[in-house]
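**Student:** Quick one: the structure is below, questions incoming.
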Amino acid sequence: MLDPNFIFNNKELVKEKLSNKKYILDYDKFSKLYLLRKKAIQNLEELKGKLNQFNKKITQEKRKPSSVELEEIKGFSNQSKEAEKNKKKVEVDLNQMLLEIPNLHDDSVPKGENELSNIEVRKIGTIKKYDFKILDHTTIGKNLNLFDLEVAAKITGTRFNLYRGLGAKLERALINFMLDEHGKEDYIEIFPPFICNKESFIGTGNLPKFEEDLFKISGTDNYLIPTAEVPLTNIHSNEILDSSVLPIKYVAYSACFRSEAGSYGKDVKGLIRQHQFNKIELVKITDEFSSFEELEKLTSNACSILDKLELPYRVVTLCSGDTSFSSAKTYDIEVWIPSENKYREISSCSNFCSFQARRANIKYKVDNKTNFAHTLNGSGLAVGRTFVAILENFQNPDGTVTVPKALRPYLNNIEIIS
RNA sequence: GGAGAGAUGGGUGAGUGGUUUAAACCAGCUGAUUGCUAAUCAGCCGUACGGAGUAAAUCCGUACCGGGGGUUCGAAUCCCCCUCUCUCCGCCA
């Protein structure tokens, strides 16, 4: 959520930035609600003040009000009740509008409409030359009996997967490897619930706008998490943190559930786009001064997993139009997928500045002053896509797959999956 | 699933309709005193919003005792709904 005072006082700037993010702000509607709210508050407080004064007098004089007084004061009481209802209604209206306004992108973000305007920051690792006909991960997985999309389709449906044998072990090894590596960087490990309530989703910005992307638990206001960002960021909702505990760093494994509404034709083959997948998530809560510095660190923490797994990748700064609803600045990390001959997103690292903190009410205190905290997150990494990248990048001419050295201790020191 | 108890400031905890402007204690901060540590004494010690102030300091007002609604001139206190916690029983990994 943006600061309503900031919107009110920076009309042109806010409108322009939002339009770069493909959002047309109805400023007139906003300022009308903003001013109505102020007026409603002033009206209510004046009436309440009169009422309080009268009641204080009665109390001090230790007597019951006379019938004449009662008549008069009842009028005030009723008026103030009306004023209160009016205030609440205006506040709800304003709040609803604010919840649907995206975050402003940071000035360091390139302006642009779509991914064509994203800027490559760096490219790491060398793409192998293969002197044999390479296979895609679906074929490799099938040949080596590592996972079974058909069985998953039978027992659940499309876009679900079942890992089997060494495939299941590889997936688990990756999870443990990533958690351990981030633990070395002093991220506190969390094992969160995979279902969160509506308030938590509003806190991170998934609701109210993106409900269709989520799986709702029938008969409740709860949803399956699409990422551990939701529980992790909300650990400190409605709290005022002492500045000495910042930055707070969390890492968590979770299964992630996404409806993938509106992506029916996309990536229908293989493990790239699933309704359920595994992911390691990094979340940071910082003060307002260090968040961009912490974003750089968080991004390189995510990259270091790819470095250690010897997977080629590149880092991209998303342009304004490609930056998500809640984010002020996002780096995408994209891993090389040989069968597609291109880089594919494997992590998205974002600084939300105070946008989520306002929604989730996360503050910190320094020198007796409270401010909204800044929140950040990034995948470290998407496990399923890492699995895909390993199968494809480490495939051998004989159809086997070499296990990256760093991962072997997690896989009974197996060197080759055959 | 059944029965019961509870939720009050950073913590413990009093408070069953009106000086509650939430007692008291602990923790914390500031100052005084005293060789140091410590002890003692005094003061301070929440959040949000609105208003005044060029701004900061500050001052005034309003709201907040798990959340929402209601009764009343007046609610931490009475009524209704919800959430969560604890205890016992049943079931269960």
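**Student:** Please check which bits of segment A:356-392 a label hung off A:E185 would reach, taking the label as a point 7 Å along Cα-to-C-beta and the cut-off as backbone N under 14 Å.
**Tutor:** Answer for segment A:356-392: A:376-382.
**Student:** Just the number please: accessible area per residue for chain A, 1.4 Å probe, all protein chains included, in Å².
**Tutor:** 50
**Student:** Among the chymotrypsin sites (Phe, Trp or Tyr not before Pro) in segment A:116-148, which ones are in a DSSP loop with at most 16 other Cβ atoms within 10 Å of the Cβ? Mind listing them?
**Tutor:** Listed in order of number, the matching sites are A:Y130, A:F132.
**Student:** Summing Lys, Arg as +1 and Asp, Glu as -1, what charge do residues with Cβ under 13 Å from the Cβ of A:C303 carry, A:C303 excluded?
**Tutor:** My count for the surroundings of A:C303 gives -2.
**Student:** Rounded to two decimals, what is the ratio between the C-alpha radius of gyration of segment A:17-114 and 2.2 N^0.38 Å?
**Tutor:** 1.75
**Student:** If you don't mind, there's one more thing I want to ask. Please give the calculated 222 nm ellipticity per residue for chain A, where each DSSP H segment of at least 4 residues contributes -39500 (n - 2.57) and the sum is spread over every residue; nearest 500 deg cm²/dmol?
**Tutor:** Taken over chain A, the calculation gives -12500 deg cm²/dmol.
**Student:** Tell me which trypsin sites (Lys or Arg not before Pro) from segment A:251-310 have a DSSP coil assignment and no more than 12 other beta carbons within 10 Å of their own.
**Tutor:** A:K266, A:K269
**Student:** Based on Cα coordinates alone, diagonalise the gyration tensor for chain A, multiply each eigenvalue by 5, take square roots, and list the semi-axes in whole Å, largest first.
**Tutor:** 51, 22, 20
**Student:** To continue, here is another question. How charged is the neighbourhood of A:I240? Take every other residue with its Cβ under 12 Å from the Cβ of A:I240, and add Lys/Arg as +1 and Asp/Glu as -1.
**Tutor:** In short, +1.
**Student:** What is the gain in length, in nm to one decimal, between A:I414 and A:K209 on full extension, counting 0.36 nm per residue of separation less the C-alpha to C-alpha distance?
**Tutor:** 69.2 nm
**Student:** On a 0 to 90° scale, report how tilted helix A:291-308 is relative to the longest principal axis of chain A, with both axes built from alpha carbons and the result rounded to the nearest 10.
**Tutor:** Result, in degrees: 20.
**Student:** Where is the GNM fluctuation largest for chain A (alpha-carbon springs, 10 angstrom cutoff): A:K329, A:K48, A:K74?
**Tutor:** Of the options given, A:K74 has the highest mean-square fluctuation.
**Student:** Taking a quarter of the surface of the Cα convex hull of segment A:297-399, what do you get in nm²?
**Tutor:** The directionally averaged projection comes out at 8.3 nm².
**Student:** Which residue, A:T386, A:T156, A:T138, has the most motion in a Gaussian network model of chain A that connects Cα atoms within less than 10 Å?
**Tutor:** Among A:T386, A:T156, A:T138, the largest GNM mean-square fluctuation belongs to A:T156.
**Student:** Here's something else I'd like to know. Give me the distance between the Cα centres of segment A:270-317 and segment A:379-418, rounded to whole Å.
**Tutor:** Cα centroid of segment A:270-317 versus Cα centroid of segment A:379-418: 19 Å apart.
**Student:** Holding the Cα-Cα limit at 22 Å, pick out from A:K89/A:K365; A:K11/A:K32; A:K21/A:K87; A:K269/A:K308; A:K29/A:K87; A:K29/A:K85 the pairs that are longer than that.
**Tutor:** A:K89/A:K365; A:K21/A:K87; A:K269/A:K308
**Student:** So, with a 1.4 angstrom probe, what is the percent of accessible area on chain A that is carbon and sulfur?
**Tutor:** 49
**Student:** Which of the GluC sites (Glu not before Pro) found in segment A:11-93 are loop residues per DSSP with 13 or fewer other Cβ atoms within 10 Å of their Cβ?
**Tutor:** Passing sites in segment A:11-93 are A:E61.
**Student:** Can you tell me the alpha carbon radius of gyration of segment A:11-64 divided by the globular rule-of-thumb value 2.2 N^0.38 Å?
**Tutor:** Normalised Cα radius of gyration, segment A:11-64: 2.11.
**Student:** What residue among A:Y187, A:S31, A:A168 has its Cα farthest toward the positive end of the dipole of chain A, where the charges are +1 on Lys, Arg and -1 on Asp, Glu, each on the Cβ?
**Tutor:** Selected residue: A:S31.
**Student:** Now for a different question. Please give the solvent-accessible surface of A:T286 in Å², to the nearest 10, using a probe radius of 1.4 Å with every protein chain present.
**Tutor:** Accessible area of A:T286: about 0 Å².
**Student:** Another question, if that's okay. Working from Cα positions, state the angle (0 to 90°, nearest 10) between the long axis of helix A:67-99 and the longest principal axis of chain A.
**Tutor:** Tilt relative to chain A: about 20 degrees.
**Student:** Just the accessible area for A:D186, please: 1.4 Å probe, Å², rounded to the nearest 10?
**Tutor:** About 110 Å², ignoring ligands and nucleic acids.
**Student:** For chain A, what is the charge dipole size about the Cα centre, in debye to the nearest 20, if Lys and Arg each add +1 at the Cβ and Asp and Glu each add -1 at the Cβ?
**Tutor:** 1060
**Student:** Net charge within 14 Å of A:Y34 by Cβ-Cβ distance, Lys/Arg positive one each and Asp/Glu negative one each, not counting A:Y34 itself?
**Tutor:** Net of charged neighbours comes to +2.
**Student:** Roll a 1.4 Å probe over the protein heavy atoms and report the accessible area of A:L36 in Å², nearest 10.
**Tutor:** Approximately 80 Å² of A:L36 is accessible to the 1.4 Å probe.
**Student:** A:K48 versus A:N145, label points 7 Å from Cα toward the beta carbon: distance in nm?
**Tutor:** That separation, rounded to one decimal, is 7.1 nm.
**Student:** Compare A:A406, A:A252, A:A83 in a GNM of chain A, Cα atoms joined below 10 Å, and give the one with the largest fluctuation.
**Tutor:** Sorting by GNM fluctuation, first place goes to A:A83.
**Student:** Same structure again: Can you tell me how much longer the chain between A:S66 and A:S218 gets when fully stretched, taken as 0.36 nm per residue apart minus their C-alpha distance, in nm with one decimal?
**Tutor:** 49.2 nm
The values are calculated or read from the model by the stated rules, or taken from the named source; none is laboratory data. The structure displayed is predicted, hence computed values, not measured ones. Neighbour counts are summed over all protein chains in view; Cβ atoms, including those assigned to glycine, are modelled from backbone coordinates with ideal geometry. With ligands, DNA and RNA removed, areas are computed over all heavy atoms of the protein, side chains included. Shrake-Rupley method; radii C 1.70, N 1.55, O 1.52, S 1.80 Å.
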